[in-house]
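Encoded as structure tokens, the structure appears first; notes follow it.
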Amino acid sequence: MGFLALFFFLLLVVVFTPLANWLAPAFFIEPSLHKADAAIILSGGSYPEGHLSAFSLERLSNGVSLYQDGWVKKLIFVGRSGRHQLSDAQIMK
């Protein structure tokens with residue numbers, strides 16, 4: 001019983017005080033970009049009509065930006081094939 005009380009007390013302290021803001025930076029990792037030969041763009045799904053989902057469009061846009069900015073030489077599109085004629089990867093191309 002004492003362990004649970006201590007656990008919930010510490011949980012309340014971390015969640016409802018500035019302590020969480022003070023501890024959070026220790027868990028952040030600064031992103032770093034390195035030039036690469038290729039980037040793999042994973043599909044986020046598509047609709048039966050053959051339109052990409054918002055997730056796929058965002059991933060596609062980020063991949064194209066990396067290509068246009070010179071970070072990658074090639075884009076590789078990966079996606080499922082399913083409910084319609086074209087796979088998600090073919091739609092992204």
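Each value in this text was obtained by applying a stated rule to the coordinates, not by laboratory testing. All values derive from a computational prediction rather than experimental measurement. Ideal geometry is used to build each Cβ from the backbone, glycine not excepted, and the neighbour counts take in all protein chains shown.
Using Cα atoms only, what is the angle between the long axis of helix 54-68 and the major principal axis of the chain, expressed in degrees (0 to 90) to the nearest 10?
70
Using Cα pairs under 8 angstrom and six or more residues apart, how large is the relative contact order of the chain, in percent?
Once normalised by length, the contact order is 27 percent.
R0 = 22 Å: FRET efficiency of Phe28 with Ser61, Cβ-based, nearest 0.05?
The formula returns an efficiency of 0.35 here.
May I ask for the net charge around Val72, where only other residues with Cβ less than 14 Å from the Cβ of Val72 are counted and Lys, Arg are +1 while Asp, Glu are -1?
Combined, the nearby Lys, Arg, Asp and Glu give +2.
Quick one: length gained pulling Ala5 to His51 fully straight, 0.36 nm per residue minus the C-alpha distance?
So the chain would gain 11.4 nm between Ala5 and His51.
What does the highest-first list of 60-69, 20-29, 5-14 look like by mean Cβ count within 10 Å?
In descending order of packing, they fall as 60-69, 5-14, 20-29.
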